[in-house]
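Structure first, then comments.
The values are calculated or read from the model by the stated rules, or taken from the named source; none is laboratory data. Because the structure is a prediction, the values reported are computed rather than measured. Note that each Cβ is placed from the backbone with ideal geometry, even for glycine, and that neighbours are counted across all protein chains shown. Keep in mind that these areas ignore ligands, DNA and RNA; they rest on the heavy atoms of the full protein, side chains included. Shrake-Rupley method; radii C 1.70, N 1.55, O 1.52, S 1.80 Å.
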Amino acid sequence: RRYAITDQLDDFTDATNIGARNAILSQLHNRLGDFYLRTLNQWSGEGKSLIRVMGEFDPEFCTDFVRSFRTAYSSDSNLEILNLATKILAPYGGRIRDGYYSSAPNDWRGDSV
């Protein structure tokens with residue numbers, strides 16, 4: 001689940017098309033909310049039931065969650081969603097590829113002849 005969320009966060013950060021950005025946000029809404037609840041051994045849901053369950057379990061977090069998505073949908077800012085995802089994923093190792101770097105061998109590069 002962390003990998004799928006990481007992959008979508010990367011896509012979200014790079015998205016320039018508003019339609020693609022909104023589609024990614026929609027998927028992130030369910031994935032991040034589900035991950036948050038399940039890692040805390042809580043029931044989950046999708047869409048409006050996800051928000052209901054989250055609000056019953058942790059009203060303060062739910063308010064932050066809803067605000068972050070509202071901001072992302074209504075502006076070009078990625079900051080609140082990225083901060084929210086960091087907060088949710090941090091106790092479990094963060095993004096899958098955080099800090100990962102792999103350099104291609106010189107003989108794989110196009111500039112080596």
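Points worth noting:
- Crossing angle, helix 48-57 versus the chain [Cα axis fit, 0-90 degrees, rounded to tens]: 70
- Positive-end residue, the chain charge dipole about Cα centroid, Cβ charges, pick of Asn41, Tyr3, Leu28: Asn41
- Length added when fully stretched, Trp43-Asp64, from 0.36 nm per residue minus Cα-Cα: 5.6 nm
- Check: the chain dipole with +1 on Lys, Arg Cβ and -1 on Asp, Glu Cβ, in debye: 260
- Apportionment of accessible area to carbon and sulfur, the chain, percent (1.4 Å): 51
- Shape call, the chain: gyration tensor on alpha carbons, a/c limit 1.5: prolate
- 3J(HN,Hα) couplings calculated from phi for the stretch 72-77 with the Karplus curve 6.51 cos²θ - 1.76 cosθ + 1.60 (θ = phi - 60°) are, in sequence order, 5, 5, 9, 8, 8, 7 Hz; Gly and Pro show x.
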